[in-house]
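Right, one structure below, let's go through it.
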Amino acid sequence: MPESVDAVCDHPFGNSWIHHKIQRSPVVSVSTDAVPKKERLAWWAHLSAHEIAPTALSTEHAGNFHAQAHSIDLAGVRVAEFTMSPVTGRRTPAHIRRHDPDVYQLFLVQDSPVRLEQRRNDSCMQAGDFSLFDTSHPYSTTFADVGGFTRLTIMFLPGDALPLPRGHMERLLAHKLPARTGTGAMLARYLTGLREHAGGCDPVELPRLGTIGLDLAAAFLASRLGSEDRLTPESRRRILIAQIDAYIERQLGNPNLSPADIAAHHHISVRTLHVLFQDRPETVSATIRRRRLERCRTDLADPQFRDRPISEIGLRWGFKTAAEFSRAFRTAYDISPRDHRRHAFAADRGTS
C-alpha cells in the first residue's frame, strides 16, 4: 500500500527553506541520504511544502525513498532541480487556504514521464517537455514508476514578473509544451546548465543571470500564446542577445563564423549587431576568439585528447591554421599550446 504524508509550510514563500535554514548560498544541495530511512518521506514532504507548495505526497517506495534537491537563488528568481523516487502529489483547496505562494511554476521533465492535472487539463510530459502549473489552483502530479528516479527542473515565476495577463496564462496550465526548438530549446539549455555554472558566478552576475532566465521564460510562454507583442523592447533585446550567444556557441567550430554571418542568421545588420555588443566588455570578434581559445585550452588538458595533435584541436574549434591558433593562444595565456598541455599533464601526474 502507498504511504502518504502531508506537511505545513511555516514561513513566507520568499524565504527559501533550503537557502535560509540549511545554508546561505546561491547554490545549495540537499539529500535524503543524511535522514533515517523511516523519516525520509516526511522530511521530503516538509521540504517540498516550503520549496514548491504544501502538497500531500504518497509513494510505494516509502521504505527506500530517495530524493535530492539543488536550489539556485538568482536574487529574485529561483530555479531548483529535483530528483526523487516515484511519487504522487496532490494539492487541494485546503492546502491553498493554508499557504499559497501565488506563483507559476514552469517545469522541465528530464527523465521519467510526469502526469499533471490542473483546471480540467490533463497531460503526460516526456523528457524534454515543459509544463506550467499555478499554485493558486488545486493540482495533482504523478511521477511514472518506470524503474528509476524522476528528475525535473522547476523555475519559479512570480505572476507580476511576467508581461502576460493571468487569464491568458491559464490557457497553458497543465498542457504539454514541447521545447526542442526556438526559445524553448534555449530555455531548456539555460536551465540544465545553470547548476554547473551559477556557483562560479560573481554575486553581481546572479541578478543578471536571473533576468536572462525570466526573459527566456516570458518569450517561450508568449510564443505558445501568440502574444510576443506583449514583450517589452528591453526583453526582446536581451532575448536577441541570448539567441546570438547560443548561435556563437553552436558555431564555434565553423572557421567562417563572423559578425556578418551572425547578423545575417538573425536578420539584423552588422551595425545593429555591434550596437548590441557596445555594453559588453568584448567585441563580437573578440568574444568568438575567447570562446574558441577556452575550448582549446580545456581540450589540451583533457586526457581524452592527449594523443590528438595540437593543430587538430585548434582546427576543431575554428582556427584556420596551426600558426594562427598558436599565436592567439600565446597572446591570450602567455604560454604556448604545447607547454600548456605539458604542464597540465605534469600536474595530473603530481597529484595521482
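Some notes on this structure:
- Surface analysis of segment 144-250 yields an accessible area of 47 Å² per residue, using protein heavy atoms and a 1.4 Å probe.
- Over the chain: helical MRE at 222 nm, DSSP H runs n ≥ 4 each giving -39500 (n - 2.57), nearest 500: -12500 deg cm²/dmol
- With contacts taken as Cα pairs under 8 Å and at least 6 residues apart, the chain reaches a relative contact order of 11 percent.
- With respect to the chain, whose longest principal axis is taken over its alpha-carbon atoms, helix 337-351 is tilted by about 50°.
- The chain: angle of helix 322-333 to the longest principal axis, Cα-based, in degrees nearest 10: 60
- Computed from Cα positions, the angle between helix 182-198 and the longest principal axis of the chain comes to roughly 90 degrees.
- Protein accessible area in segment 149-255, 1.4 Å probe - carbon and sulfur %: 52
- Full extension of the chain segment joining His343 with Arg208 gains 45.0 nm, where the gain is 0.36 nm per residue of separation less the Cα-Cα distance.
The values are calculated or read from the model by the stated rules, or taken from the named source; none is laboratory data. Everything numeric in this text was worked out from a predicted model, so none of it was measured. To get the accessible areas, we keep the full protein, side chains included, count just its heavy atoms, and leave off ligands, DNA and RNA. Shrake-Rupley method; radii C 1.70, N 1.55, O 1.52, S 1.80 Å.
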